[in-house]
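Each remark here refers to the structure printed beneath this line.
We did not get these values from a lab; they are worked out from the coordinates using the rules stated. Nothing here was measured: the structure is a model prediction, and the numbers come from that model. Glycine gets a Cβ as well: all are built from the backbone with ideal geometry, and neighbour counts include every protein chain shown.
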Amino acid sequence: MFRPQAANIRCPYCGASYQTPVFSIIDVGQVPELKQVVLSGQLNASQCPNCRNVNMLAAPILYHDPEHEFLGVFIPPQANLTEPQRQKIIGDMSKALMDATPAEQRRFYMLNPQQFLTMDSLTEKLLGFEGITPEMIAASRRKVELIQELARIKDDGIAFNITVKENEKYLDQEFFTLLSNLILSAQSEGAGPDLQMLSDLREKLLPVTEVGRRIQKQRHAIERLGRQPSRQSVFDAIVKGDMDEVEAITVVARPVLDYEFFQDLTARIDGTSGAEREALEAKRERMLQILESFRAAEQEAVQSAGQVIQDLLSAEDMEAAVDEMLPLIDQGVMSLLLSNINDAEQRGAAAAAGRLRQLWDLIVTAMEENVPPEMRLLYALAEAEYPEATRALLREHKDEVNEQFLAMLRATIESMEKETTEDPERAQVARHLRNVLTQAQLGV
């Protein structure tokens with residue numbers, strides 16, 4: 001695989017200098033995870049460790065997708081290269097790709113990469129492989145614009161209603177998914193005003209759009225189940241609910257939807273006939289489809305995480321590889337790595353366990369070095385004893401405890417409180433942080 005190279009960046013917002021990994025040759029046949037990074041527009045994006053603004057580094061990119069026999073190249077115009085310089089860069093990258101490809105896998109198309117004048121045009125080409133047309137891309141861009149437009153006029157009832165009516169075709173499931181993702185992003189960044197604005201917009205759109213009313217119905221179905229629904233209450237809700245409600249209940253009640261549950265549901269179906277039987281069979285089929293989609297996604301995530309771990313373990317310089325691949329190391333990678341460590345220790349494979357533990361320590365160290373100061377403070381407050389130790393921390397970092405930090409703390413607490421039914425330990429941490437929030441607000 002082609003590893004990213006370290007590049008020195010000077011932040012245009014605050015002037016701070018820092019290093020960040022930069023990908024130039026992307027072979028999604030070797031690292032499939034990078035496809036989504038490119039499509040999401042996050043390739044070679046980095047966050048300044050000083051001011052936290054996100055910077056995009058414009059760098060030459062060679063993109064290889066062997067499945068579609070595609071090789072594309074983009075040279076950013078701001079590089080101000082002459083044509084001979086452009087061709088030399090393209091030739092060097094193409095040769096590096098060819099040299100790294102086994103002879104039996106080399107193809108004629110790899111000798112002549114398609115050139116793209118903009119990153120957007122390259123992305124559109126890649127989206128075409130996923131069945132996404134230029135019209136669909138234009139519609140998605142309009143939805144982003146529409147969110148901004150509706151947020152701006154949400155308090156003007158007449159203008160808001162007119163705009164909603166004129167843009168009904170765009171207010172679909174994709175629109176609400178995009179809006180929810182923006183809200184989650186604002187929560188993670190502690191963006192108080194943006195978070196409130198986007199949340200208010202979503203609530204205002206729910207009752208006046210078809211998809212919004214469906215979301216409301218699903219929300220109410222989940223609320224009726226309560227925080228700790230029993231197997232019987234889930235069963236009754238599935239039997240009584242319509243298909244929209246069944247889909248929502250299936251997602252949130254997965255822990256109780258085991259083999260025994262479906263045995264009981266099948267027995268119920270066998271005892272019915274006619275339209276009732278057909279409705280229950282359709283619900284069962286839809287539930288199984290949803291559960292299978294989760295299983296497939298989880299399996300794919302495990303395979304991707306396993307590949308990342310294998311690449312790191314096989315690297316000649318593991319520490320350097322961790323630094324380079326840090327953007328690909330997520331919670332899934334860490335969970336699988338910990339599971340592998342425990343398995344090796346239980347089998348008595350001391351050498352393997354030691355190598356895995358070494359990788360774990362390197363990753364943790366690298367992550368700690370890249371954690372923003374406000375997140376370090378949040379972690380420290382979560383682990384400190386309340387009230388004396390937390391009070392001391394708040395006083396020591398009083399300059400960092402600003403409105404942005406408080407907004408991030410509130411968002412973290414709210415996110416944890418939503419998951420209390422599945423993880424009592426997180427519920428305890430949420431209560432602890434809620435007390436810390438009160439301390440911070442009172443300035444004690």
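When G91, G72 are checked against the criterion of being surrounded by 12 or more Cβ atoms within 10 Å (Cβ to Cβ) and either in contact with a helix residue (DSSP H, G or I) (Cβ under 9 Å, 6 or more places away or on another chain) or over 30 Å from E369 (Cα atoms) (or both), G72 stands alone in meeting it.
Within segment 226-235, take every residue that is surrounded by fewer than 18 Cβ atoms within 10 Å (Cβ to Cβ) and part of a helix (DSSP H, G or I) and give me the one that is farthest from the chain's Cα centre (by Cα).
Q232
Determine which single condition G15 fails, assuming it passes every other condition in (1) surrounded by 13 or more Cβ atoms within 10 Å (Cβ to Cβ); (2) out of contact with any Phe, Trp or Tyr (no Cβ under 7 Å at 6 or more places or on another chain). Unmet for G15, out of (1) surrounded by 13 or more Cβ atoms within 10 Å (Cβ to Cβ); (2) out of contact with any Phe, Trp or Tyr (no Cβ under 7 Å at 6 or more places or on another chain): (1).
Considering only residues that are among the charged types (D, E, K, R) and surrounded by 13 or more Cβ atoms within 10 Å (Cβ to Cβ), which ones fall in segment 121-153?
Scanning segment 121-153 gives E124, K125, R142, K143, E149, R152.
If you check Q216, Q228 for being out of contact with any helix residue (DSSP H, G or I) (no Cβ under 8 Å at 6 or more places or on another chain), farther than 24 Å from E292 by Cβ and either of a type outside the set (A, V, I, L, M) or touching a residue at least 60 places away in the same chain (Cβ under 8 Å) (or both), only one passes: Q228. Taken over segment 241-255, the criterion of being of a type outside the set (A, V, I, L, M), closer than 25 Å to A297 by Cα and surrounded by fewer than 18 Cβ atoms within 10 Å (Cβ to Cβ) is satisfied by D244, R254, P255. Residues in segment 393-413 that are part of a helix (DSSP H, G or I) and either surrounded by 14 or more Cβ atoms within 10 Å (Cβ to Cβ) or touching a Leu at 6+ places or on another chain (Cβ under 6 Å) (or both): L393, L394, Q404, F405, L406, A407, M408, L409, R410, A411, T412, I413. Within segment 124-147, is there a residue that is without any contact (Cβ under 8 Å) to a residue 24 or more places away in the chain, small (G, A, S) and within 25 Å of P4 (Cα to Cα)? No. Summed over segment 104-138, residues that are under 11 Å from V73 (Cβ atoms) and not hydrophobic (A, V, I, L, M, F, W, C) total 4. What do you reckon, is I238 surrounded by fewer than 12 Cβ atoms within 10 Å (Cβ to Cβ), in a helix (DSSP H, G or I) and β-branched (V, I, T)? It is false that I238 is surrounded by fewer than 12 Cβ atoms within 10 Å (Cβ to Cβ), in a helix (DSSP H, G or I) and β-branched (V, I, T).
Across segment 310-346, which residue is nearest to I25 (Cα to Cα) among those that are among the acidic types (D, E) and assigned to a helix (DSSP H, G or I)?
Applying the filter and picking the extreme gives E324.
Scanning segment 344-392 for residues that are charged (D, E, K, R) and either surrounded by fewer than 13 Cβ atoms within 10 Å (Cβ to Cβ) or under 31 Å from the mean Cα position of the chain (by Cα) (or both) returns R347, R355, R357, D361, E368, E369, E374, R376, E383, E385, E388. Selection of segment 70-96 for residues being assigned to a loop (DSSP other than H, G, I, E, B) and either among the β-branched types (V, I, T) or free of Cβ contacts under 8 Å to residues at least 12 places away in the same chain (or both) yields I75, N80, L81, T82. Looking only at residues in segment 18-33 that are among the aliphatic types (A, V, I, L, M) and free of Cβ contacts under 8 Å to residues at least 60 places away in the same chain, the one that is surrounded by the fewest Cβ atoms within 10 Å (Cβ to Cβ) is V22.
Residues in segment 35-53 that are surrounded by 13 or more Cβ atoms within 10 Å (Cβ to Cβ) and without any contact (Cβ under 8 Å) to a residue 40 or more places away in the chain were compared, and the one that is farthest from the chain's Cα centre (by Cα) is N50. A search for C-beta distances below 8 Å between a residue of segment 285-308 that is over 24 Å from I341 (Cα atoms) and any residue that is aliphatic (A, V, I, L, M), counting only pairs 6+ apart in sequence or on different chains, returns R286/M243; R286/V246; M287/I238; M287/V246; M287/L257; I290/V251; L291/L257. Residue count for segment 360-414 under the criterion of being under 23 Å from S199 (Cα atoms) and of a type in the set (V, I, T): the result is 2.
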